[in-house]
Amino acid sequence: MNGPVAYLVTTLGCLIGVAGVVVAVVAVRKGRKAARPAAPADPFRDTDSDALRGDPRRLKPGDIVEIRRVSYAVRGSVHLNEGGWGWAEHLLDTVEGDKRWLSVEEDPDLELVLWTAEPAATITPGASTLDFAGRRYASEESGQARFTATGSTGLDPSGTLRYHDYRAQGGERLSFEAYGQAGWEVARGEQLHRADVMVYPQAGPEAS
């Protein structure tokens, strides 16, 4: 084999070798990317109830939710965030016009509370205990969160919320909320069992 031919053969061999190394490196990188573990899931999440009764965490305007055999339409949803901690409140409405709010929170277990507005209440938050409608409530938590609203809620698309929550013996709740510069709105809440709630998702994009 003469000199030029030998040089050409040697050069081609080197190029083939380099190409093989590149292919091997790319394959290793793809393999590592494919083997990246998925985000951790809650091992105690009740996926059976979600499958059978619908997932309240995914509620959105237009859905139907049945609570203790009463059917409500989700008119609007408010998603709140405070320092990375998030929860949702959904405005519910019956065909008779009975409006309620359903709050959905994981703390860390799923917590569902059905709220009834008390527009005639004159009390304000701040004290460590409050007496209302024959019950004594103890202060539980307070703060300020950012919110985004979708559907028909009567609220701006986004803004801030101040809140102060109280709890009575037996678990009954008393909540004070003030959106933006508005005054306090008072509501009483009853914690629901997971089996009390059935979700019927409707077609349409999910709330973000």
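So that you can scan it fast, the table gives a plain yes or no per residue for (1) surrounded by 13 or more Cβ atoms within 10 Å (Cβ to Cβ); (2) basic (Lys, Arg); (3) in contact with a Pro (Cβ under 8 Å, 6 or more places away or on another chain); (4) free of Cβ contacts under 8 Å to residues at least 40 places away in the same chain:
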| site | (1), (2), (3), (4) |
| --- | --- |
| Glu82 | yes, no, no, no |
| Gly97 | no, no, no, yes |
| Pro108 | no, no, no, no |
| Thr122 | no, no, no, yes |
| Thr129 | no, no, no, yes |
| Tyr137 | yes, no, no, yes |
*Collect the residues in the stretch 166-178 that are among the charged types (D, E, K, R) and more than 19 Å from the chain's Cα centre (by Cα), keeping them in residue-number order.*
Arg167, Glu172, Arg173
*Residue within the stretch 103-126 that is under 20 Å from Arg188 (Cα atoms), in contact with a Ser or Thr (Cβ under 8 Å, 6 or more places away or on another chain) and of a type in the set (D, E, K, R) present*: yes
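Let's see how each residue does on (1) open to solvent by 70 Å² or more (accessible area, probe 1.4 Å); (2) within 17 Å of Leu91 (Cβ to Cβ):
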| site | (1), (2) |
| --- | --- |
| Glu140 | yes, no |
| Gln144 | yes, no |
| Gly154 | yes, yes |
| Thr160 | no, no |
| His164 | no, no |
| Gly171 | no, no |
_Meets criteria (on the phi > 0 side of the Ramachandran plot, at pLDDT 95 or above and surrounded by fewer than 16 Cβ atoms within 10 Å (Cβ to Cβ)) for Arg57_ = no
_Looking at Val95 and the list (1) farther than 28 Å from Gln181 by Cβ; (2) of a type in the set (A, V, I, L, M); (3) part of a strand (DSSP E or B), which single condition is not satisfied?_
(3)
*Please work out which one of (1) small (Gly, Ala, Ser); (2) within 23 Å of Val70 (Cβ to Cβ); (3) more than 22 Å from the chain's Cα centre (by Cα) is the condition Gly151 fails and give its number.*
(3)
*Since Gln181 meets every condition but one in (1) closer than 19 Å to Gly134 by Cα; (2) over 19 Å from the mean Cα position of the chain (by Cα); (3) open to solvent by 60 Å² or more (accessible area, probe 1.4 Å), which condition does it not meet?*
(1)
*Can you pull out the residues in the stretch 84-95 that are out of contact with any His (no Cβ under 9 Å at 6 or more places or on another chain) and either surrounded by 18 or more Cβ atoms within 10 Å (Cβ to Cβ) or at pLDDT below 95 (or both)?*
Gly84, Trp85, His90, Leu91, Leu92, Val95
*Given (1) within 30 Å of Ala51 (Cβ to Cβ); (2) free of Cβ contacts under 8 Å to residues at least 40 places away in the same chain; (3) among the β-branched types (Val, Ile, Thr), where does Thr160 come up short, assuming only one miss?*
(1)
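The values are calculated or read from the model by the stated rules, or taken from the named source; none is laboratory data. These numbers were taken from a predicted model, which means no experiment stands behind them. Neighbour counts are summed over all protein chains in view; Cβ atoms, including those assigned to glycine, are modelled from backbone coordinates with ideal geometry. These accessible areas exclude ligands, DNA and RNA; they are computed on the full protein's heavy atoms, side chains included. Shrake-Rupley method; radii C 1.70, N 1.55, O 1.52, S 1.80 Å.
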